[in-house]
Each structure stands twice: as structure tokens, then as C-alpha cells.
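Comments concern the structure below.
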Amino acid sequence: MAIYHIVLFRLKPSVNKELLDEFTKRATAMPSQVPGLLKINIGPPLAATAHRGKGFNLALVAILEKPEDLTGYATHPAHLHAQELREQLCDDTLAYDLEFPS
């Protein structure tokens, strides 16, 4: 069963494009580095529904092969390298994991 790891980010008003681009670069490089991580997408909410986002203005969706891959993902050096930028980027984050049949 596929695991969808969803993270919402409330970006700090002071975040610059270069820092956000570096975070995106680090995060999107992870599927080739982290065992079990199939895909990552990052982006802002749809304009038509952004008002429902409670201030969260960026999201990441990671698709992993199975629940056991979450532990390896969370502790993998590539993930930790991307996560280093989180405190500089965000005022708040919210993570949520779901399991769906493949």
C-alpha cells in the first residue's frame, strides 16, 4: 500500500525566493537518494481554494512504497539536509500520513 506523507508549511513573510528554491531543490532530489521514496511534489495551494488553507501557503506530498519506509525517510541524511532549511522558511508546519491501496 502506498503511503502519502503530506506536509503543509506556513512560510515566514521574510522568506526569499533563493531560500525557497534551495529547499525545493533539496526536497525534489530525495527520490533518487531515499530508499522507498517514489516521488515528491511541492507547490502552493490553488488560488481558488487558498483561502481555506488557514495560512498554510506551501505543501509537500511525498509518496512512499510502504509504511516501514517512513522511518527510513525521516532519518535519511537527504531528508535531514532539506529539513535544515525548515526553521528558516516556516513559522509552522503540519504533517499527515495516509495509506492507500496501490
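The values are calculated or read from the model by the stated rules, or taken from the named source; none is laboratory data. These numbers were taken from a predicted model, which means no experiment stands behind them. Using ideal geometry, Cβ is built from the backbone for each residue, glycine included, and neighbour counts are taken over all protein chains shown. What goes into the accessible areas is simple: the full protein's heavy atoms, side chains included, and nothing from ligands, DNA or RNA. Shrake-Rupley method; radii C 1.70, N 1.55, O 1.52, S 1.80 Å.
Counting only lysines at least 8 places from Lys66 when in the same chain, those with an alpha carbon closer than 21 Å to its own are Lys39. Only lysines eight or more places from Lys17 in sequence, or on another chain, were considered; those with a Cα closer than 21 Å are Lys25. Which net charge results for the neighbourhood of Ala2, defined as the other residues with beta-carbon distances under 14 angstrom from its beta-carbon, given Lys and Arg at +1 and Asp and Glu at -1? Residues close to Ala2 contribute a combined charge of -3. May I ask you to give the percent of accessible area on the chain that is carbon plus sulfur, with a probe radius of 1.4 Å? Reported share for carbon and sulfur atoms: 58 percent. With kT/(6 pi eta Rh) evaluated at 4 °C and eta = 1.567 mPa s, and Rh the Kirkwood radius from Cα pairs, the chain diffuses with a coefficient of 92 µm²/s according to Stokes-Einstein.
Report the relative contact order of segment 26-72, percent, no decimals, based on alpha-carbon pairs under 8 angstrom and at least 6 residues apart. If you can, show how the numbers build up before the last one.
Numbers: 52 pairs, mean separation 19.3, N = 47.
Over segment 26-72, the number comes to 41 percent.
Largest first, the extents of the alpha carbon coordinates of segment 5-48 on the three principal axes equal 34, 25, 13 Å.
When only DSSP loop residues count, what trypsin sites (Lys or Arg not before Pro) in the chain have their Cβ near at most 13 other Cβ atoms within 10 Å? Spell out each step's value before the answer.
Working: sites: Arg10, Lys17, Lys25, Arg26, Lys39, Arg52, Lys54, Arg86; in loops: Lys54.
Answer in residue order: Lys54.
Taking all Cα pairs closer than 8 Å and separated by 6 or more residues, the relative contact order of the chain comes to 51 percent.
A 1.4 Å probe run over segment 1-74, with the rest of the protein chains in place, finds 59 Å² accessible per residue.
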